[in-house]
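The next block holds one structure in the form of structure tokens; read it before the comments.
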Amino acid sequence: MLAITGVFLLLFGFFFNRVVFNIGVFFTALFIIFQRAWYKSLLEDKYLLSFAFLPIVVLLADLFHSPESILKTTFFNKLMLLEMPLFIYLWKPSAQMVKLVHYCLYIFLLINTAYSLFTYLDDPALVVKNYEFAKVLSVLSFRDHIRISWLAALSVVLAFFDFRQSKEKLTRAFFLSYMIIQVAYLHILSAKTGLLCLYVSALILLFYTLFSGKNKWASWLILAGICLAPIVAYKTIPSFYYRVNYIRWDVGTALSGAEQPGLSDGARIYSLQAGMEQFKDSPFLGSGFIGIKKTTDAWYAEHKSFIIDAQKILPSSELLIFAIGGGILALIVLLVHFAIPFFSFDLWKNGFFSSIYIPAVLTFSYETHFEGQTTLFVYAFWVFWIYALNKKYIGVFR
């Protein structure tokens, strides 16, 4: 009971309330503590063990570079990278409980979709107009459209496999309807991360279908549909049209060298430039994670003084964050963590895990998923959840 209550609180808190989310974190931590010799479980799975090294690298780097400011370290937040996978591994929910968790996720995401729709209907013209200036539909989860879109794309793949495994007509109709709604929603929302994950997932699943030799004609038709979908969306969905045009202008302006404040993707480009300069200063030992924000702001002040404070973001790549904070060694630890599942060949039989994992890993090249509490949740909980399902650690009838 403690475990499922913790998961429900995590999901509710992710969408609605940070305090509730933190209570869910506390419940899952309690569940782990109550298990006998829980620490021994870390040695039973390499991918699980690799999660433990990520916060440890952060702590060691900050102890080495900024021992006097150690209380400012992000180590404590990043402990969720260990807590969530370990909780799932120790819990080992039954197939019925796994279905319950999936339905909770689907319902919360449908509530988010409805919320976005109602805010759109409140003033459609204004919402569409805002897409000309990098703004998107209002979403739950503290307006984090990046993680909402990522989770929505992940849920489409999850629903697809639930659809394939279900035999009841009503249940299959629900999954099919859910997938159509979320695919449409992702195109209307037009968040890059969600769309990237959606299309890469679709292509990977299509590759598996073609490779299996089944329904080749249908597979080619689906491929044509995948290629045509963004073109149709560009022609028919105003938000998608304005979003694409804005990104082209935004990135082009940043790359041209023009001093234009208020850019969105341009701010990401500037942040990567700032990050590369920091990495060059100390490539082997890094400079610690605590001081990255301060050093980045100093670079902005010297090289991009026209940027407004709201646009002064951390280097927009988790790979670069680890390289700056802990040097090449920390970057290697992160890359090894990402690489471990690629050597577990049983994960790659049906396309389920790969269609979620590969696009997720790709996003770390331009997103900082480990730098926020709720952002950590999507990767640490849901990606490992899919991993555990494929490994049959969870979802087994007992």
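The values are calculated or read from the model by the stated rules, or taken from the named source; none is laboratory data. As the structure is a prediction and not an experimental result, all values here were calculated from the model. Cβ sites come from the backbone with ideal geometry, for glycine too, and all protein chains shown count toward neighbours.
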Sort out which residues of region 1-59 are among the hydrophobic types (A, V, I, L, M, F, W, C), outside any helix (DSSP H, G or I) and farther than 30 Å from A330 by Cβ, and write them in order of number. M1, F16, F34
Which ones in region 331-378 are assigned to a helix (DSSP H, G or I), aromatic (F, W, Y) and touching a residue at least 60 places away in the same chain (Cβ under 8 Å)? F352, F377
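Let's see how each residue does on (1) without any contact (Cβ under 8 Å) to a residue 24 or more places away in the chain; (2) surrounded by 18 or more Cβ atoms within 10 Å (Cβ to Cβ); (3) under 17 Å from the mean Cα position of the chain (by Cα):
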site	(1), (2), (3)
A125	yes, no, no
R143	yes, no, yes
A152	no, yes, yes
V156	no, yes, yes
E168	yes, no, no
L189	no, yes, yes
G194	no, yes, yes
S201	no, yes, yes
C227	yes, no, no
Based on what the data block shows, is I386 among the hydrophobic types (A, V, I, L, M, F, W, C), farther than 29 Å from F16 by Cβ and either modelled with pLDDT of 95 or more or in contact with a Gly (Cβ under 8 Å, 6 or more places away or on another chain) (or both)? no
Here are some conditions: (1) more than 20 Å from the chain's Cα centre (by Cα); (2) hydroxyl-bearing (S, T, Y); (3) on the phi > 0 side of the Ramachandran plot. Y241 meets all but one. Which one does it not meet? (3)
In region 127-141, residues that are at pLDDT below 95, crowded, with 20+ Cβ neighbours inside 10 Å and part of a helix (DSSP H, G or I) total 2
Can you name the residue in region 79-123 that is hydroxyl-bearing (S, T, Y) and over 30 Å from I237 (Cβ atoms) and, of all such residues, is farthest from the chain's Cα centre (by Cα)? S94
Could you give me the residue pairs with C-beta distances under 8 Å whose first residue belongs to region 70-99 and is under 15 Å from I32 (Cβ atoms), whose second residue is outside any helix (DSSP H, G or I) and of a type in the set (G, A, S) wherever it lies, and which are 6+ apart or on separate chains? P93/G395
Given the conditions (1) in a helix (DSSP H, G or I); (2) aliphatic (A, V, I, L, M); (3) modelled with pLDDT under 95, which single one is not true for I307? (1)
Within the group R36, R18, which residue is within 24 Å of H369 (Cα to Cα), surrounded by fewer than 19 Cβ atoms within 10 Å (Cβ to Cβ) and among the charged types (D, E, K, R)? R18
Residues being of a type in the set (A, V, I, L, M) and surrounded by 15 or more Cβ atoms within 10 Å (Cβ to Cβ) - total across region 211-223: 2
Qualifying residues in region 341-383 (those that are modelled with pLDDT of 95 or more and either touching a strand residue (DSSP E or B) at 6+ places or on another chain (Cβ under 9 Å) or of a type in the set (V, I, T) (or both)) - the one surrounded by the most Cβ atoms within 10 Å (Cβ to Cβ): I356
